[in-house]
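Asks: Let me give you the structure first, and then I'll get to my questions.
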Amino acid sequence: MKDDARKHPFRDSQQDVRAIRDIPDTPQTRAPAYRLAFNDNDFMCREELRPVRLQLELLKPQLVMDERGIESTIVLFGGARIPAPENKATARTQTLADLSKYYAEAQKFAFIMTERSIASYGRENVIVTGGGPGVMEAGNRGAHEAGGQSIGLNIVLPHEQAPNEYVTPDLCFNFHYFAIRKMHFLMRAAAICVFPGGFGTLDELFESLTLIQSGRMKRVPFLLFGREFWENIINWEALADAGTIAAEDLHLFRFVETAEEAIEIIDAWPKAC
């Protein structure tokens with residue numbers, strides 16, 4: 001809440017945080033018990049405070065995006081190991097090198113969608129990625145090159161990492177809880193685009209599909225880039241033949257190869273539904 005919007009006469013929390021820096025140094029004031037609860041990292045990280053941390057992690061990005069006026073997003077999921085075409089010679093496998101074409105398609109798709117978003121003052125169809133390398137970088141890069149903003153939803157991982165350089169800095173968020181991060185991916189989603197990837201991408205793909213299949217989320221354009229890749233790693237028809245999914249569930253998503261195909265489906269979506 002901004003200071004000039006306050007409707008009450010009480011001191012605000014920031015004033016007290018500043019004030020305690022100047023208190024006398026005594027055994028009592030040095031004791032952990034004396035710290036302001038909300039300004040005490042040790043207290044906030046206690047096991048019993050997990051519900052509070054979950055709420056804060058949900059609330060912070062929500063408030064920031066609301067303040068920026070972001071109303072809808074276009075979600076890009078995809079592999080962190082897929083290189084840019086100019087770097088495909090460094091790929092660890094030939095398959096990853098060949099998949100670099102989808103880096104280019106993600107970049108092009110994000111560029112076009114962001115140009116359109118700018119026309120709506122950056123409120124609609126803002127690109128959101130996981131904020132990392134590979135396909136995620138391609139999405140943020142395309143938005144950056146179009147002169148618009150994009151969101152990065154990073155997460156703390158055991159190995160060293162940093163957000164890619166193309167995420168709009170004040171829309172670059174860091175998460176501890178995977179579940180809350182997934183909510184922010186989908187809360188404003190107007191379309192979901194899934195590029196080739198590994199475990200993380202598969203997790204995001206099936207979680208999102210399950211929400212739509214089960215009616216917990218409304219249907220949106222759900223586009224899988226690279227039919228050959230997806231049909232090679234998942235036997236979709238076998239799921240339907242076995243009866244573990246309904247035959248009509250195969251219509252919850254569409255295969256595409258290019259940015260232009262994806263945009264055509266998104267543009268036609270109100271008529272198709």
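Asks: Take every Cα pair under 8 Å in the chain that's 6+ residues apart, average their separations, divide by the length, and report that relative contact order as a whole percent.
Replies: Over the chain, the number comes to 16 percent.
Asks: Got a sec to turn the phi values of region 15-32 into Karplus ³J(HN,Hα) couplings, 6.51 cos²θ - 1.76 cosθ + 1.60 with θ = phi - 60°, whole Hz, x for Gly and Pro?
Replies: Here the 3J(HN,Hα) series is 4, 6, 4, 5, 5, 6, 5, 10, 6, x, 8, 9, x, 5, 6, 7, 5, x Hz.
Asks: Rounded, prolate or oblate: which fits the chain when a ≥ b ≥ c are the square roots of the eigenvalues of the alpha-carbon gyration tensor, with rounded for a/c under 1.5 and prolate only if a/b beats b/c? Display every interim value, and only then the final one.
Replies: Values: a/c = 1.96, a/b = 1.93, b/c = 1.02.
Note, shape of the chain comes out prolate.
Asks: May I ask you to derive the FRET efficiency for residue 247 and residue 45 from their Cβ-Cβ distance with R0 = 35 Å, giving the value to the nearest 0.05?
Replies: 0.10
Asks: Run through all the Cα pairs of region 77-120 and give the fraction in each 5 Å bin from 0, expressed as whole percent.
Replies: 5, 25, 25, 16, 12, 9, 5, 3, 0
Asks: Here is a follow-up. For the chain, what does the helix formula give at 222 nm: sum of -39500 (n - 2.57) over DSSP H segments with n ≥ 4, over the residue count, nearest 500 deg cm²/dmol?
Replies: It comes out at -13000 deg cm²/dmol, rounded to the nearest 500.
Asks: As an exercise, identify the trypsin sites (Lys or Arg not before Pro) in region 203-273 lying in DSSP coil whose Cβ has no more than 10 other Cβ atoms within 10 Å.
Replies: Those that pass, being in a loop and sparsely packed, are 216, 218.
Asks: Placing +1 on the Cβ of each Lys and Arg and -1 on the Cβ of each Asp and Glu in the chain, which of 91, 187, 266 has its Cα farthest towards the positive end of the resulting dipole?
Replies: Of the listed residues, the answer is 187.
Asks: Here's another thing I want to ask about it. What Kirkwood hydrodynamic radius do you get for region 157-232 when you take the inverse of the mean 1/r over all pairs of distinct Cα atoms, in Å?
Replies: 14.3
Asks: When Lys and Arg each count +1 and Asp and Glu each count -1, what net charge do the other residues less than 14 Å away from residue 21, Cβ to Cβ, add up to?
Replies: 0
Asks: Between residue 66 and residue 178, what's the calculated FRET efficiency when r is the beta-carbon distance and R0 is 25 Å? Round to 0.05.
Replies: The formula returns an efficiency of 0.65 here.
Asks: Does region 1-64 classify as rounded, prolate or oblate by the C-alpha gyration tensor (a ≥ b ≥ c root eigenvalues; a/c under 1.5 gives rounded; else a/b over b/c gives prolate, otherwise oblate)?
Replies: Oblate.
Asks: In whole Å, what are the extents of region 1-115 along the principal axes defined by its C-alpha atoms, from largest to smallest?
Replies: 64, 35, 27
Asks: What range in the chain is the longest one free of GluC sites (Glu not before Pro) that are in a loop by DSSP and have at most 16 other Cβ atoms within 10 angstrom?
Replies: Here the longest run is 166-256.
Asks: Next question. According to the square roots a ≥ b ≥ c of the eigenvalues of the Cα gyration tensor, what is the shape class of region 111-221, taking rounded for a/c under 1.5, prolate for a/b larger than b/c otherwise, and oblate for the remainder?
Replies: Because a/c hits 1.5 or more and a/b fails to exceed b/c, region 111-221 counts as oblate.
Asks: If you average the C-alpha positions of region 10-24 and of region 64-95 separately, how far apart do those two centres end up, in angstrom?
Replies: About 42 Å separates the Cα centre of region 10-24 from the one of region 64-95.
Asks: Which whole-Hz ³J(HN,Hα) couplings does region 45-50 yield from phi under the Karplus relation 6.51 cos²θ - 1.76 cosθ + 1.60, θ = phi - 60°, glycine and proline marked x?
Replies: Going residue by residue, I get 9, 5, 4, 5, 8, 3 Hz, with x marking Gly and Pro.
No lab work stands behind these numbers, since they all come straight from the coordinates. The shown structure was predicted, so the numbers you read here are calculated from the model rather than taken from an experiment. All Cβ positions, even for glycine, are placed from backbone atoms using ideal geometry, and neighbour counts span all protein chains on display.
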